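Any read-out appearing in this document is the output of simple, stated calculations on the displayed coordinates, not a laboratory observation. Everything numeric here is computed off the predicted structure, so don't read it as measured data. Every residue, glycine among them, receives a Cβ derived from its backbone with ideal geometry; neighbour counts consider all protein chains shown.
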């Protein structure tokens, strides 16, 4: 989606101030930011296709190999000696990006993004969940925690914590993305140590707290509005890649009642649903912020599954969310989002309506940003 906006809108990255990412969305945002730093590099495809080529590498194999061998062997050793699967995944991301673009950007400094060619935007705000508190632990290329002894002009909420401030040091771009996208079980929880070598904290996937990144986005908007006043004219873009989420925020409704082992499992089900509901409510609050402040909002969503098939692309099941997607799954996802109909193909009605909303949002966003640029 970001690649399509980049191709459609002249100087899109120059107008994009901040990206609040969660989980796999943080990976996508990081790859986009790295790609926008230097164009397509060695890649001869268009910007979006180069980005899809980099993010579509086989990242499942190195992760699986690390899980089955060094990670498994480490379980029988008394001290940490072997690299874990988290390191294997981050190295694979960096190599996959380098293979396409010819530059080792994902192994470079995350904090240095704030001074890239004198332009710190689009700034990344990558949301993780702090195991110690259950709250947000946000890695950003912009400092949002006041320096010791300094008084911020308009401080952020004290609840989310600045990850680099907590760690006390810089991290690689790939690590910042992975700390937000530590899928449970697939990736181990992240951890850091104090001066004595003891584990001082742990973090997990940002989606465990809230799966839109909307709360951080609202704080960015509030902060910018307070600083800039009437000069601030934002456009809010919300992108959801989870097919189980609603295609329109107004349609968020409770799911069916599950009576199986209700007394035993009700609490577990409630905790799992609470994570999704927290994200849904935050997304609605973001939509409300845009409406109250007169800001246009563009909402791009993954379309829901619908019965039937389309030229071999299965639409009857949810597209998988994983590190390895088949060509069929990729074509299906792209068909849900943007690709034009070919040879007069007819999509099932729910998919056609969803696609029309996404395409209308793209055209509207492009028109608004081009008007602002002019």
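Taking the Cβ of each residue in 292, 239 as the centre, tally the other Cβ atoms inside 10 Å and list the residues starting with the fewest. Please list the in-between numbers first.
Numbers: 292 8, 239 22.
With the fewest neighbours first, 292, 239 line up as 292, 239.
Counted over the stretch 1-147 with a bin width of 10 Å, the fraction of Cα pairs per bin, in whole percents, is 10, 34, 34, 17, 4, 0. Sorting 127-133, 326-332, 26-32 by their mean Cβ neighbour count within 10 Å, with the most densely packed peptide first, gives 26-32, 127-133, 326-332.
Rounded to the nearest 5, what % of the DSSP beta bridges within the stretch 17-143 are antiparallel ones? Looking only at bridges with both residues in the stretch 17-143, the antiparallel portion is about 50 percent.
Can you put 172, 143 in order, fewest other beta carbons within 10 Å first? Each step should come with its number before you reach the end.
Working: 172 17, 143 13.
If I rank by nearby Cβ atoms, fewest first, I get 143, 172.
Give me the percent relative contact order of the stretch 156-292, please, defined on Cα pairs under 8 angstrom at least 6 residues apart. It comes to 27 percent, rounded to a whole number.
So how do 278, 169 line up by other beta-carbon neighbours within 10 Å, fewest first? Intermediate values should be presented prior to the final figure.
Details: 278 17, 169 7.
Fewest to most other Cβ atoms nearby, the residues stand as 169, 278.
Each label was represented as a point 7 Å from its Cα along the Cα-to-Cβ direction; for residue 68 and residue 157 these points are 4.4 nm apart.
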